[in-house]
1. Thr430 is checked against (1) within 30 Å of Thr155 (Cα to Cα); (2) of a type in the set (Val, Ile, Thr); (3) in a helix (DSSP H, G or I) and fails just one. What number does that condition carry?
2. Of the conditions (1) in a helix (DSSP H, G or I); (2) at pLDDT below 90; (3) under 24 Å from Ile179 (Cα atoms), Lys64 satisfies every one except a single condition; which number is it?
3. Sort through Ser460, Ser438 and tell me the only one that's more than 16 Å from the chain's Cα centre (by Cα), farther than 20 Å from Asp266 by Cα and not in a loop (DSSP other than H, G, I, E, B).
4. Looking at the range 229-239, is at least one residue part of a helix (DSSP H, G or I), under 19 Å from Val453 (Cβ atoms) and β-branched (Val, Ile, Thr)?
5. Say we look at the range 20-47 and pick out the residues that are in a helix (DSSP H, G or I) and free of Cβ contacts under 8 Å to residues at least 40 places away in the same chain; which of these is least open to solvent (accessible area, probe 1.4 Å)?
6. Would you confirm, using the coordinates I've provided, whether Ile362 is in contact with a Cys (Cβ under 8 Å, 6 or more places away or on another chain) and part of a helix (DSSP H, G or I)?
Amino acid sequence: MNRRTFVLDTNVLLYDPKALEGFENCDLIIPLAVIEELDNMKRLPNDLGRNARLVMRSFDRIKKMCSQMDLVANGSSVEDESCESNVSESVVSSSSRMDLVNGAQLNNGSTLRIYSKYKSDISAQLGFDKSLVKDQILHAAQMLAKDYPNLTLITKDFAVRLKAQMAGIQAQDYKNTSISHKDVYTGVKSVEVSKQQIDLFLKNGAMDYEDPQMYTNEYCVLNSKDQTQIVGRYDAQQKKLVSLKALPQDLWGIKPRNIQQRCALDLLLKDDVKLVTLVGQAGTGKTLLALACALRKVFDDAQYSKILVSRPIMPLGKDIGFLPGTKEEKLYHWMQPIYDNLEYLCQSSGGEQETQESLRWIKESQKIELEAVTYIRGRTLPNMFIIIDEAQNLTPHEIKTVISRAGEGTKVILAGDSTQIDNPYLDEDTNGLTFAISKFCNNKIFGHMTFEVTERSELSSLAAMVL
């Protein structure tokens, strides 16, 4: 089989700075326009700038490794210890004596080189504009395709893939770290059993049950022919279904309205489950349930010292621009959905007259903190009940940053809807919420639940179905 050749677009390296390691036993070609674009973006104060810097450092390490091996091959010694330190971290094969222009051999069997040739006459014939970076990349792929029959352009830009197809260039999307949201388990499944098995389950509070396709902390609805139904939680280590614990009598005035909500409350109230993901469309109760359990655990049970609620600063539609005031005053508008849920819970638990008094008491207690995800990085958050709302707008790296802030005794809730993403660089498969579910799915300290029924109102439920 002929060796494959791949030309990488800038957006591939920005999306996954370790993309070079994922292409094995092939020829990797990076157009010079990609290097220039990365260099222009490395100063951006966000994840794109961070990823651009990581990629440029990788190229720099590869270049230094090639230089060192040339010195060794010529009988010279390497005296620069800092260079030697960088070399040890490089992905370049120790047998390489090439460089980035002619091709550097990587540890995974691939070669990497920078391509800089450009012919304006051919560019004009193909309708490419050399002033546009995307067209420069397409033009490089077109030129290289003459020498590499198995060449494929890898890009996450649909327009570039479409234009490549028109120019006769093979093009594919980059899917190295994406997980299809359709493959993510829902957190609950239904099984037909006999009435006798259900009776024994009710009597003993558990039953032997082994299913290699079920994850730990996944829920199972047991149904019998006489319409009897009961829910159990799967314990993968003991290979048993265990009954759900009884809910507290006072859960800030709310009760579960469907099976998914009941299972979610079980996960939210279990202290040994440190990470919970809640996925569902608008109005399914994700944030409300998480906030109600947080209030219970912090104010009633004193299990955690504080509630930390955060949301990505990602506007829907046109932004209204800079907001005046302190950080707290700026965050007030972004956190309004949290205040709405908090007011609803206070009203449900205490009635109309006590609502404002309860809200004031909660705020003055200093046990609830609202923070933008931007400011979480670098913090250590011990013994907290953390709720990250709209988590579908976070990248996998941002999700990792958030979860890794959790200190001893902290519980983290990620809530969101993978079908409503406002981040222009993410989709249903590549967002951090879907990524987290796929990576934690079979861990005993993790639980997940997908909500399917909108409970906010009849109008909200109808809108979710027909719009």
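1. (3)
2. Here Lys64 meets the rest and fails (3).
3. Result of the check over Ser460, Ser438: Ser460.
4. No - not one qualifying residue is present in the range 229-239.
5. Out of the qualifying residues, it is Leu38.
6. Working: in contact with a Cys (Cβ under 8 Å, 6 or more places away or on another chain): yes; part of a helix (DSSP H, G or I): yes.
Against the criterion (in contact with a Cys (Cβ under 8 Å, 6 or more places away or on another chain) and part of a helix (DSSP H, G or I)), Ile362 qualifies.
Residue-wise test of (1) among the aliphatic types (A, V, I, L, M); (2) crowded, with 21+ Cβ neighbours inside 10 Å.
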{"site": "Ile368", "(1), (2)": "yes, no"}
{"site": "Ile387", "(1), (2)": "yes, yes"}
{"site": "Glu390", "(1), (2)": "no, yes"}
{"site": "Leu414", "(1), (2)": "yes, yes"}
{"site": "Asn423", "(1), (2)": "no, no"}
{"site": "Asp429", "(1), (2)": "no, no"}
{"site": "Ile445", "(1), (2)": "yes, no"}
{"site": "Ala464", "(1), (2)": "yes, no"}
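Every residue, every condition in (1) part of a strand (DSSP E or B); (2) within 21 Å of Asp9 (Cβ to Cβ); (3) of a type in the set (Ser, Thr, Tyr), yes or no:
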{"site": "Leu144", "(1), (2), (3)": "no, yes, no"}
{"site": "Asp147", "(1), (2), (3)": "no, yes, no"}
{"site": "Thr152", "(1), (2), (3)": "yes, yes, yes"}
{"site": "Val160", "(1), (2), (3)": "no, yes, no"}
{"site": "Ala164", "(1), (2), (3)": "no, yes, no"}
{"site": "Gly168", "(1), (2), (3)": "no, yes, no"}
{"site": "Lys182", "(1), (2), (3)": "no, no, no"}
{"site": "Tyr185", "(1), (2), (3)": "no, no, yes"}
{"site": "Ser190", "(1), (2), (3)": "yes, no, yes"}
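The values are calculated or read from the model by the stated rules, or taken from the named source; none is laboratory data. Bear in mind that the values here come from a model prediction, so they are computed numbers and not experimental data. Backbone-built Cβ (ideal geometry, glycine too); neighbour counts: all protein chains shown. Side chains are part of the model used for accessible areas, which takes the heavy atoms of the whole protein and leaves out ligands, DNA and RNA. Shrake-Rupley method; radii C 1.70, N 1.55, O 1.52, S 1.80 Å.
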